[in-house]
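Down below is the structure, laid out as structure tokens.
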Amino acid sequence: MARIPPDDPKRPTGRPRLFDPAALARRLRGFPAFLFLDYDGTLVPIAPRPAQATFDDDGRALLRALGGMLPVAIVSGRARAIVRSLVGVPSLYYVGNHGLEISGPRVRLNVAVSAGWRRDLDTFLGAIEADAPSGLVIERKGVTASLHYRLVSIEDRSRWLPTLRRRLATWATGGRLCLVRGKAVYELRPPLDWNKGAAVRWLISRPGMTDRTPVYLGDDTTDEDAFRVVRENGIGILVGPPRRSAARYRLSGPAEVRRLLAHWQTTRDRSADINRSPGRRR
């Protein structure tokens with residue numbers, strides 16, 4: 001795997017360094033990279049409802065161009081089929097449901113999830129729906145689910161959230177689910193040792209990928225597993241306001257991500273990129 005400027009692995013995680021997109025693109029130029037991009041909050045702004053976070057044609061053209069230069073993966077908590085449809089560039093890698101579903105050029109992985117978990121998830125969601133406040137959006141994603149409470153009023157949150165937290169904590173403590181809190185959302189996942197970081201590790205271990213430097217961009221706490229995986233031999237880039245993170249660098253928001261990708265496309269030394277995406281003719 002290609003090396004990046006040294007970092008002290010014993011240094012505790014802190015606040016990532018804010019970078020200008022053009023300067024960061026110059027720093028990344030010449031690395032034989034594998035680019036990983038979160039979707040919501042990274043490629044596109046977070047929307048009040050998941051269905052409103054749509055991608056545009058300029059973004060598709062940019063990802064299509066980058067995908068011709070290096071491997072590009074979209075990593076999302078959404079179901080793989082949904083995020084693939086939203087992005088609309090078939091040649092990329094897609095990682096859905098926090099790593100449980102992976103597909104791309106000559107690869108496909110669906111992490112085994114028991115029928116018992118699916119029944120448990122239906123039970124959990126049924127109990128939550130029974131007394132859910134107005135504004136709660138339950139996103140059912142097959143093997144996982146998201147509880148979006150961004151549209152729940154402050155008054156209802158103060159009444160309902162403590163009860164929800166106690167209920168979720170009981171299920172999680174009992175080993176019946178893996179619970180992760182994100183930006184005004186709770187993620188309900190099967191109790192497996194698998195996440196976005198595991199998916200990144202799996203992809204960069206594929207034949208032809210082991211000499212590449214993973215570059216991961218994400219905005220939420222659900223991306224920290226991936227930041228930790230790439231920390232030693234790759235580059236993690238937090239997107240959004242400053243906070244403690246395992247990422248090394250930071251961009252202020254999706255608009256800056258778009259600028260970074262555009263600069264990276266135009267300034268990258270293509271002759272140094274010795275290994276293009278699988279399936280492309282040289």
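The values are calculated or read from the model by the stated rules, or taken from the named source; none is laboratory data. These numbers were taken from a predicted model, which means no experiment stands behind them. Cβ placement follows ideal geometry from the backbone for every residue including glycine, while neighbour counts extend to all protein chains displayed.
Annotations
- The residues in region 183-206 that are within 20 Å of His148 (Cα to Cα), in contact with a strand residue (DSSP E or B) (Cβ under 8 Å, 6 or more places away or on another chain) and surrounded by fewer than 18 Cβ atoms within 10 Å (Cβ to Cβ) can be counted, and the count is 1.
- Qualifying position, being under 17 Å from Gly142 (Cα atoms), touching a Lys or Arg at 6+ places or on another chain (Cβ under 6 Å) and not charged (D, E, K, R), among Gly88, Gly77, Gly116, Gly99: Gly99
- In region 213-231, the residue that is surrounded by the most Cβ atoms within 10 Å (Cβ to Cβ) out of those that are modelled with pLDDT under 95 and not β-branched (Val, Ile, Thr) is Asp220.
- Selected residue [out of contact with any strand residue (DSSP E or B) (no Cβ under 7 Å at 6 or more places or on another chain), of a type in the set (S, T, N, Q) and modelled with pLDDT of 95 or more] from Ser114, Ser76, Ser91, Ser103: Ser91
- When Asp122 is tested against (1) under 25 Å from Ile204 (Cα atoms); (2) acidic (Asp, Glu); (3) not assigned by TED's automatic domain parsing to the domain that holds Val72, exactly one condition is not met: (1).
- One residue alone among Ala25, Ala73, Ala51 is small (Gly, Ala, Ser) and farther than 29 Å from Arg150 by Cβ, and that residue is Ala25.
- Filter pass, Glu139 being in a strand (DSSP E or B) and of a type in the set (Asp, Glu): yes
- Qualifying residue in region 162-171 (condition: modelled with pLDDT under 95 and more than 20 Å from Pro133 (Cα to Cα)): yes
- Where a residue in region 100-121 is among the polar types (S, T, N, Q) and its partner, wherever it lies, is surrounded by 14 or more Cβ atoms within 10 Å (Cβ to Cβ) and part of a strand (DSSP E or B), with Cβ under 6 Å and at least six apart: Ser103/Tyr94; Asn110/Glu101
- Residues that are farther than 19 Å from Leu261 by Cβ and hydrophobic (A, V, I, L, M, F, W, C) within region 204-244 comprise Ile204, Met209, Val229, listed in sequence order.
- Matching residues, region 138-159, being crowded, with 19+ Cβ neighbours inside 10 Å and over 18 Å from Asp220 (Cβ atoms): Val143, Val152
- Where Val89 falls short, out of the listed (1) surrounded by fewer than 23 Cβ atoms within 10 Å (Cβ to Cβ); (2) part of a helix (DSSP H, G or I): (2)
- Test: residue in region 57-75 that is without any contact (Cβ under 8 Å) to a residue 60 or more places away in the chain, surrounded by 20 or more Cβ atoms within 10 Å (Cβ to Cβ) and either hydroxyl-bearing (Ser, Thr, Tyr) or under 24 Å from Glu224 (Cα atoms) (or both): yes
Residues are listed down the side, and each one gets a yes or a no for (1) in contact with a helix residue (DSSP H, G or I) (Cβ under 9 Å, 6 or more places away or on another chain); (2) aliphatic (A, V, I, L, M); (3) farther than 21 Å from Val44 by Cα:
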| site | (1), (2), (3) |
| --- | --- |
| Leu179 | yes, yes, yes |
| Glu187 | yes, no, no |
| Trp202 | yes, no, yes |
| Asp211 | no, no, yes |
| Thr222 | yes, no, no |
| Phe227 | yes, no, no |
| Ser245 | yes, no, no |
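- Pick from region 46-56, criterion part of a loop (DSSP other than H, G, I, E, B) and not aromatic (Phe, Trp, Tyr), ranking: surrounded by the most Cβ atoms within 10 Å (Cβ to Cβ): Ile46
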